1. How many times 2.2 N^0.38 Å is the alpha carbon radius of gyration of the stretch 30-187?
2. For the chain, what is the accessible area per residue in Å², given a 1.4 Å probe and the full set of protein chains?
3. Rounded, prolate or oblate: pick one for the stretch 72-155, where a ≥ b ≥ c are the square roots of the eigenvalues of its C-alpha gyration tensor, a/c under 1.5 means rounded, and failing that, prolate if a/b is larger than b/c, else oblate.
4. Label the stretch 137-218 by shape, choosing from rounded, prolate and oblate, from the square roots a ≥ b ≥ c of the eigenvalues of the Cα gyration tensor; if a/c is under 1.5 it is rounded, and otherwise prolate applies when a/b is larger than b/c, oblate when it is not.
5. For the chain, set up a GNM with springs between Cα atoms under 10 Å and report which of Ser101, Ser157, Ser27 has the largest fluctuation.
6. Take the solvent-accessible surface of the protein heavy atoms, probe 1.4 Å, and return the percent of it on the stretch 15-54 that carbon and sulfur atoms account for.
7. Please list, in order along the stretch 74-87, the HN-Hα scalar couplings obtained from phi with the Karplus expression 6.51 cos²θ - 1.76 cosθ + 1.60 (θ = phi - 60°), rounded to whole Hz, x for Gly and Pro.
8. Once you've got the GNM for the chain with C-alpha springs shorter than 10 Å, pick whichever of Pro120, Pro54, Pro111 has the biggest mean-square fluctuation.
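The values are calculated or read from the model by the stated rules, or taken from the named source; none is laboratory data. It should be emphasised that the depicted structure is a prediction, and the values quoted were computed from it without experimental measurement. Each accessible area value is taken on the protein alone, full model and side chains, heavy atoms only, with ligands, DNA and RNA left out. Shrake-Rupley method; radii C 1.70, N 1.55, O 1.52, S 1.80 Å.
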Amino acid sequence: MPVFSHGADLVAAARTRVKICGVTTPSDARAAADAGADAVGINFHPPSPRSVGPLMAAEIAAALPPFVAAVGVFVDPDVDRVRRILDRVRLDALQFCGDESAEFCRTFGLPYIKVAAMAPDLDFAAYETRYPDAQAFLLDTHDDDLAGGTGRPFDWSTWPDSDRRLILAGGLGPDNVAVAISALQPYAVDVASGVEGDVKGRKDAELVRRFVEEAVRA
């Protein structure tokens with residue numbers, strides 16, 4: 001079953017799916033769901049300002065209604081850490097943002113998304129063959145120091161020609177998501193900082209609503 005779907009593909013097949021990433025509170029999760037998001041990302045990478053612990057993560061996941069997926073976001077975790085979190089948090093899919101192997105990603109028996117940092121020298125065709133069972137690839141801006149969350153777009157002219165499900169991330173917001181979807185036709189779009197106010201990790205409900213509305217309109 002495709003990630004973000006929970007069997008809802010009959011409803012959502014004609015539109016680009018939306019993931020609101022870096023959700024840090026149950027109220028923000030509910031706001032994302034109310035706006036029509038298909039998934040929320042729960043960050044378990046401690047250096048990130050959007051990272052949460054298992055207790056809060058469990059509350060965020062529990063706040064989501066049926067058909068809205070909870071995606072756990074990790075950067076080069078060890079197996080025991082992921083399993084400890086899965087023991088305490090209901091996650092529907094996993095997102096791996098580091099140098100994890102396909103063997104590692106499939107260890108946990110859940111659909112997984114593999115992040116591709118769009119460096120100028122990335123051979124995406126070779127990269128995607130390394131993860132034959134990935135449910136989707138999230139294409140994000142390359143940064144030497146950050147594993148995502150840069151708030152900057154990459155060069156969209158490098159968008160690959162692929163038959164796999166591709167998720168666009170990096171520098172998206174309500175004002176440019178429709179243009180991005182029209183230009184690239186991604187399977188899904190992913191946003192974090194582009195729907196936040198002054199506090200990293202706290203979503204602005206109106207920006208979330210506008211983002212989803214623009215994505216659906218496109």
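1. 1.02
2. Ligands and nucleic acids excluded, the result is 46 Å² per residue.
3. Judged from the Cα gyration tensor, the stretch 72-155 comes out prolate (a/c at least 1.5, a/b above b/c).
4. Because a/c hits 1.5 or more and a/b fails to exceed b/c, the stretch 137-218 counts as oblate.
5. Highest fluctuation of the listed residues: Ser157.
6. Taking all protein chains in place, the stretch 15-54 shows 52 percent carbon and sulfur surface.
7. For the stretch 74-87, the Karplus-derived couplings read 10, 10, 6, x, 8, 4, 5, 5, 4, 5, 5, 5, 5, 5 Hz, x marking Gly and Pro.
8. For the chain, modelled as a Gaussian network with Cα springs under 10 Å, the answer is Pro120.
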